[in-house]
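Novice: Here you go, one structure.
The values are calculated or read from the model by the stated rules, or taken from the named source; none is laboratory data. Note that the coordinates shown come from a computational prediction; the quantities given were computed from them, not determined experimentally. Glycine also receives a Cβ, built like all others from the backbone with ideal geometry; neighbour counts cover every protein chain displayed.
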Amino acid sequence: MSDKIEFQIENLGVPKFKSPLQLSTVRGDNIFTFISETDKLVFDTSLEGYSQCLANNEEPSCLEKAGPRQNIFFQSEKVTAAIVTCGGLCPGINNVIRGIVMALHYFYGVKRVIGVPYGYEGLNPEVGHPFVELTPEKVKDIHQFGGTILGSSRGGQSVSTMVDTLVSNNAQMLFAIGGDGTLKGANAIGDEIMKRGLDISVVGIPKTIDNDVDIIDKSFGFETAFDIASPILKDAHNEAHGAYNGISIVKLMGRDSGFIAASASLAMPVVNFVLVPELDFNLYGKNGFLEILKKRLEAKHHAVIVVAEGAGQHLFEKDDVVTDASGNVQHDDIGLFLKQKIKEYFSDVFPVTIKYIDPSYIIRSAAANSSDSVFCSSLAYQAVHGAMSGKTKFVVGKVNDRFVYLPISAVVSKRKKIDLESGFWFAVLQSTGQPFSIK
């Protein structure tokens, strides 16, 4: 199969030390066992994929099952581990930090864990951010708060300098919590470490509130994001319904993918239009957005519009593409743009009342909900197990509802987006009543 994905994880060497974990090596009901390196999970679980492999006499693409190994690569009591958080805030970062520290300390007896302050800047001594010593006592309550106790930043630093810093601090592990840019940076750090022949494991924990990391089922913080957004949509509906021809516009996060906007609208089905980056739409014309909005107001006299931050960028006239420090394209404000265009359009039609709500920074800085909290802890534990076994340049995530290890390179090659022909998007259309095409 030409499109077969390779999921081979790189290793620092042969694990020679016995794990301190007291687990069974024999499978049984409700028994937590060590994971064998031969215990793989098939990536494509469909009958079609299985049949194609049989027809081509090929092995299916398989994933490495996450979990503790009977033999580990590092002498755990001598390990120094480092944790860094990069990019924008997201619910659950502190939960992941806490989980890593607790797993290192209580599972493996690691005595020193250092927190790298303010993203990759903290691995550049010239910037001057001192490390933070992380202990179970220091992190035991941080899950109750949003943000990150380590601070964050965007943008990269010299890979060579960052590796030098890890070496000078005798770090054997780096846990990088971040999105696409962070993971690419972690992969580059891993490459430099391998080139130097060093025994330092580099682990990525995917963090993107937009849920746009490819292959994995979901990223942490995403459920909290649309959970918090849902009651905001209810309030927006109350505002719109409270005025004759009232319109509420709610802008939610979603730079390249509209999962938060779509999921929040399904969770709180009071929304009439969902505009996402994956959907091309026109403002004007017989089937354009403004004409469809007009028909909605004529019929119901109120409307709720949810728009992802990256939607409708084709409507702006741009000469140059501007990017932020992480290399992400900086989008124009589609929420304010829509508000202005709606106001202009209806000035010659009939009076409307428009309310604009942007809760993005409130949502991304919130603490994780219960579901995400459990998920974050599990991600942290599985990341630690993988690092202790000597695996490197990998991320931990759920695929087909099972925790697995994936090469960083596999998940950063492209962004996950909403399939506009999927059942998920069809459910959005059914919930809102908006047409399939707005052109």
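Novice: Say whether the condition of being closer than 28 Å to residue 141 by Cβ and assigned by TED's automatic domain parsing to the domain that holds residue 375 is met by at least one residue in the range 45-66.
Specialist: Looking for residues that are closer than 28 Å to residue 141 by Cβ and assigned by TED's automatic domain parsing to the domain that holds residue 375, one finds at least one in the range 45-66, hence yes.
Novice: Anything in the range 258-271 that is in contact with a strand residue (DSSP E or B) (Cβ under 7 Å, 6 or more places away or on another chain) and either surrounded by fewer than 24 Cβ atoms within 10 Å (Cβ to Cβ) or of a type in the set (A, V, I, L, M) (or both)? List them, or say none.
Specialist: 260, 261, 262, 264, 270, 271
Novice: Residue 193 - would you say it is under 24 Å from residue 372 (Cβ atoms) and buried (at least 22 other Cβ atoms within 10 Å of the Cβ)?
Specialist: Answer is no for this residue.
Novice: Residues being over 20 Å from the mean Cα position of the chain (by Cα) and among the β-branched types (Val, Ile, Thr): count how many of those fall in the range 409-429.
Specialist: Matching residues across the range 409-429 total 1.
Novice: Just the residues that are in a loop (DSSP other than H, G, I, E, B) and either modelled with pLDDT under 95 or of a type in the set (Asp, Glu) (or both), please, taken from the range 288-313.
Specialist: 309, the sole residue that qualifies.
Novice: Before we move on, is residue 279 among the aliphatic types (A, V, I, L, M), crowded, with 16+ Cβ neighbours inside 10 Å, over 24 Å from residue 178 (Cβ atoms) and modelled with pLDDT of 95 or more?
Specialist: yes
Novice: Scan the range 381-439 for residues that are in a loop (DSSP other than H, G, I, E, B), without any contact (Cβ under 8 Å) to a residue 24 or more places away in the chain and among the small types (Gly, Ala, Ser) and report the count.
Specialist: Of the residues in that region, 1 qualify.
Novice: Moving to a separate point now. Would a scan of the range 245-259 turn up a residue that is outside any loop (DSSP other than H, G, I, E, B), within 27 Å of residue 395 (Cα to Cα) and of a type in the set (Phe, Trp, Tyr)?
Specialist: Checked the range 245-259: at least one residue is outside any loop (DSSP other than H, G, I, E, B), within 27 Å of residue 395 (Cα to Cα) and of a type in the set (Phe, Trp, Tyr).
Novice: Go over the candidates 226, 175 one by one and state the one that is aromatic (Phe, Trp, Tyr) and outside any helix (DSSP H, G or I).
Specialist: Residue meeting the stated conditions: 175.
Novice: Sort through 197, 190, 204 and tell me the only one that's without any contact (Cβ under 8 Å) to a residue 12 or more places away in the chain, within 23 Å of residue 72 (Cβ to Cβ) and outside the structural domain of residue 354 (by TED's automatic domain parsing).
Specialist: So the residue among 197, 190, 204 that is without any contact (Cβ under 8 Å) to a residue 12 or more places away in the chain, within 23 Å of residue 72 (Cβ to Cβ) and outside the structural domain of residue 354 (by TED's automatic domain parsing) is 197.
Novice: Please go through the range 361-377 and give me each residue that is more than 12 Å from residue 91 (Cα to Cα) and buried (at least 17 other Cβ atoms within 10 Å of the Cβ), ordered by number.
Specialist: The one that is more than 12 Å from residue 91 (Cα to Cα) and buried (at least 17 other Cβ atoms within 10 Å of the Cβ): 377.
Novice: What's the number of the condition residue 5 fails, among (1) in a loop (DSSP other than H, G, I, E, B); (2) at pLDDT below 95; (3) out of contact with any helix residue (DSSP H, G or I) (no Cβ under 7 Å at 6 or more places or on another chain)?
Specialist: Result: residue 5 fails condition (3) only.
Novice: If I go through the range 161-199 residue by residue, how many of them are of a type in the set (Lys, Arg), in contact with a helix residue (DSSP H, G or I) (Cβ under 8 Å, 6 or more places away or on another chain) and more than 25 Å from residue 95 (Cα to Cα)?
Specialist: Summing the residues that are of a type in the set (Lys, Arg), in contact with a helix residue (DSSP H, G or I) (Cβ under 8 Å, 6 or more places away or on another chain) and more than 25 Å from residue 95 (Cα to Cα) in the range 161-199 gives 1.
Novice: Let me ask you something else. Kindly list the number of the only condition in (1) farther than 30 Å from residue 227 by Cα; (2) touching a residue at least 40 places away in the same chain (Cβ under 8 Å) that fails for residue 105.
Specialist: Tallying (1) farther than 30 Å from residue 227 by Cα; (2) touching a residue at least 40 places away in the same chain (Cβ under 8 Å), residue 105 fails exactly one: (2).
Novice: Can you name the condition, by its number, that residue 348 falls short on among (1) touching a residue at least 12 places away in the same chain (Cβ under 8 Å); (2) part of a loop (DSSP other than H, G, I, E, B); (3) more than 17 Å from the chain's Cα centre (by Cα)?
Specialist: The number of the failed condition is (1).
Novice: Of the numbered conditions (1) over 22 Å from the mean Cα position of the chain (by Cα); (2) assigned by TED's automatic domain parsing to the domain that holds residue 191, residue 24 satisfies every one except a single condition; which is it?
Specialist: So the condition that residue 24 fails would be (2).
Residues checked against (1) within 26 Å of residue 402 (Cα to Cα); (2) surrounded by fewer than 18 Cβ atoms within 10 Å (Cβ to Cβ):
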position: 53; (1), (2): yes, yes
position: 69; (1), (2): yes, no
position: 88; (1), (2): no, no
position: 91; (1), (2): yes, no
position: 99; (1), (2): yes, no
position: 106; (1), (2): yes, yes
position: 117; (1), (2): no, no
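Per-residue answers, yes or no, for (1) within 16 Å of residue 172 (Cβ to Cβ); (2) β-branched (Val, Ile, Thr); (3) at pLDDT 95 or above:
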| position | (1), (2), (3) |
| --- | --- |
| 95 | no, no, yes |
| 112 | yes, no, yes |
| 116 | yes, yes, yes |
| 121 | no, no, yes |
| 124 | no, no, yes |
| 129 | no, no, no |
| 134 | yes, no, yes |
| 138 | no, no, yes |
| 145 | no, no, yes |
